[in-house]
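Student: What follows is a single structure, and I will ask about it in a moment.
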Amino acid sequence: MRIKICVLLLMGFTATIVAGRTPEKSPTLGVTKTVFGKTHDGREAHLFTLSNKSGMEVVISDFGGNVVSIKVPDRNGKMGDVILGYDTVGGYETGTSYIGATVGRYANRIGGAKFSLDGKEFTLPKNDGPNHLHGVFNKVFWDAKPGPGKSGPSLHLHYLSKDGEEGYPGNLSVDVTFTLTNSNELKMEYSATTDKKTVVNLTNHCYFNLAGSGNILENKLTLHAERFTPVDATLIPTGELRSVAGTPFDFRESTAVGARIEQDNEQLKLGHGYDHNWVLDPGITKTPGLAASLYDPSSGRTLEVWTTEPGIQIYTGNFLDGTIHGKGGQVYERRSAICLETQHFPDSPNYPDFPSTTLVPGKTFHSVTIYKFSARK
Ligand code: GLA
């Protein structure tokens, strides 16, 4: 009887705590916990490795909710890591590019680093010229709980962002659950509640390179968006929802990322390439809809992004400049990765016409984004 129970447990969810970087044995299904290293204040950060039946593997840290690696097969079944990252927790602690980050309290920019709620103005740190960008959620420790999840191994992260943190009102209780399904999907489920009226916008900031190296200019991108939000010189939306028709922002048909990126276009110049929010056609949805597809012809790897969010920021790694030495000493050059950040629109707190990012006590913010991987022959 006891043996039977043990076997059943082994077949199902496995959570192993191992000291050091290398797990003793990687379970074929489940979550493995290892030590990542210490942050400058001596706190121990961990890595949680989620593996599914087909051998896909996702590694996430409780430091910053950073996604450290995603290993998926190419068209020949060869596994490869498709995101940028650092080898050490120190990289995540000092890095300024939000590599792999769980982003909040407000993903993307807030113009002039201020906003008002009910006539009261709140000021935030200016960390991007005159604006506020992204916030600190990728630099804090999250409480982490591995679990079997409903549809695969999962990691549940919780963080309490205190009232006044970075100037935002309200104690914001945030939960993010990552689940790796057997269909090679990484599902990210976000929820948040507050005790004072506040604003919230949460996303994931993985830098994808589906080939594992080189640049992403040959990747074919499809975006289910007829409009985008043009920006000013500091990348704050002008408020216009502009049609993509006849512009280099039209990705309604699969097009190489690099096909038009150097065109003489005012918006491309302001963004130093693509660094814009697209308005997803269905708006906010109850269940995730297909927002974007990215296909790498060299490896055959394809990424589909499904979301309930109304927008997606496409950022083509324009600010990467070869100064970051990432995993295995790899140097991250300009345009060596692409981010597909599902979100509410930038600067929504200052644009009453944009879908609202305001959260009030008694309500729960909820969103789901799925990265679905496959390979074409
Ligand atoms: C976001 C922004 C970019 C850049 C990156 C981080 O995607 O839109 O402008 O700041 O984060 O480097």
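Student: Return yes or no: is ASP143 open to solvent by 40 Å² or more (accessible area, probe 1.4 Å) and away from the ligand (no atom under 16 Å from the Cβ)?
Tutor: Working: open to solvent by 40 Å² or more (accessible area, probe 1.4 Å): yes; away from the ligand (no atom under 16 Å from the Cβ): yes.
Criteria met by ASP143.
Student: Would you mind finding the one in GLU44, GLU57, GLU24 that is modelled with pLDDT under 95 and open to solvent by 40 Å² or more (accessible area, probe 1.4 Å)?
Tutor: Among GLU44, GLU57, GLU24, only GLU24 is modelled with pLDDT under 95 and open to solvent by 40 Å² or more (accessible area, probe 1.4 Å).
Student: Would you point out which residue out of LEU268, LEU303 is under 18 Å from CYS206 (Cβ atoms) and either open to solvent by less than 10 Å² (accessible area, probe 1.4 Å) or at pLDDT below 95 (or both)? Quick ask: steps written out before the conclusion?
Tutor: On the way: LEU268 fails: under 18 Å from CYS206 (Cβ atoms).
Every option except LEU303 fails the conditions.
Student: Residue by residue through region 145-175, note down the ones that are closer than 19 Å to ASN52 by Cα and assigned to a strand (DSSP E or B).
Tutor: Correct list: LYS145, PRO146, GLY147, SER154, LEU155, HIS156.
Student: Anything in region 226-260 that is of a type in the set (A, V, I, L, M, F, W, C) and within 16 Å of the ligand (Cβ to nearest atom)? List them, or say none.
Tutor: Correct list: PHE228, VAL231, ALA233, LEU235, ILE236, PHE249, VAL257.
Student: Are any of the residues in region 340-352 acidic (Asp, Glu), within 16 Å of the ligand (Cβ to nearest atom) and more than 26 Å from ASN171 (Cβ to Cβ)?
Tutor: Within region 340-352 (the criterion being acidic (Asp, Glu), within 16 Å of the ligand (Cβ to nearest atom) and more than 26 Å from ASN171 (Cβ to Cβ)), the answer is no, since none of the residues qualifies.
Student: Out of curiosity, is VAL89 more than 16 Å from the ligand (Cβ to nearest atom), open to solvent by less than 10 Å² (accessible area, probe 1.4 Å) and in contact with a Gly (Cβ under 9 Å, 6 or more places away or on another chain)?
Tutor: When the stated conditions are applied, VAL89 passes them.
Student: Identify all residues within region 189-201 that are closer than 21 Å to PRO146 by Cα and surrounded by 22 or more Cβ atoms within 10 Å (Cβ to Cβ); write none if there are none.
Tutor: Keep residues of region 189-201 that are closer than 21 Å to PRO146 by Cα, which gives 189-192.
Selection gives TYR190, ALA192.
Student: Taking the stated definitions as given, is ILE370 of a type in the set (A, V, I, L, M), in a loop (DSSP other than H, G, I, E, B), at pLDDT 95 or above and closer than 20 Å to VAL176 by Cα? Before you say what the answer is, go through the steps one by one.
Tutor: On the way: of a type in the set (A, V, I, L, M): yes; in a loop (DSSP other than H, G, I, E, B): no; at pLDDT 95 or above: yes; closer than 20 Å to VAL176 by Cα: yes.
It is false that ILE370 is of a type in the set (A, V, I, L, M), in a loop (DSSP other than H, G, I, E, B), at pLDDT 95 or above and closer than 20 Å to VAL176 by Cα.
Student: If the requirement is being among the hydrophobic types (A, V, I, L, M, F, W, C), surrounded by 22 or more Cβ atoms within 10 Å (Cβ to Cβ) and in contact with a His (Cβ under 7 Å, 6 or more places away or on another chain), which of these qualifies: PHE228, PHE208?
Tutor: Exactly one residue qualifies, and that residue is PHE228.
Student: OK, next. Suppose we filter PHE319, PHE345 for residues that are crowded, with 17+ Cβ neighbours inside 10 Å and not small (Gly, Ala, Ser); which single one remains?
Tutor: Result of the check over PHE319, PHE345: PHE345.
Student: Tell me whether region 152-174 contains one or more residues that are closer than 30 Å to GLU333 by Cβ, touching a strand residue (DSSP E or B) at 6+ places or on another chain (Cβ under 7 Å) and β-branched (Val, Ile, Thr).
Tutor: Narrowing region 152-174 to residues closer than 30 Å to GLU333 by Cβ: none.
The answer is no; no qualifying residue exists.
Student: Condition check: more than 19 Å from the chain's Cα centre (by Cα) and either away from the ligand (no atom under 16 Å from the Cβ) or part of a loop (DSSP other than H, G, I, E, B) (or both). Does LYS71 satisfy that?
Tutor: Judged against the criteria, LYS71 is not a match.
Student: Is one or more of the residues making up region 281-291 farther than 24 Å from LEU186 by Cβ, more than 16 Å from the ligand (Cβ to nearest atom) and surrounded by fewer than 22 Cβ atoms within 10 Å (Cβ to Cβ)?
Tutor: no
Student: Among the residues that make up region 98-118, is at least one of them polar (S, T, N, Q) and buried (at least 19 other Cβ atoms within 10 Å of the Cβ)?
Tutor: Looking for residues that are polar (S, T, N, Q) and buried (at least 19 other Cβ atoms within 10 Å of the Cβ), one finds at least one in region 98-118, hence yes.
The values are calculated or read from the model by the stated rules, or taken from the named source; none is laboratory data. A quick note: this is a predicted structure, and the numbers were derived from the prediction, not measured. Quick reminder, even Gly has a Cβ in these numbers, built from the backbone with ideal geometry, and neighbours come from all protein chains shown. Please note that ligands, DNA and RNA were not included when accessible areas were found on the heavy atoms of the full protein model with its side chains. Shrake-Rupley method; radii C 1.70, N 1.55, O 1.52, S 1.80 Å.
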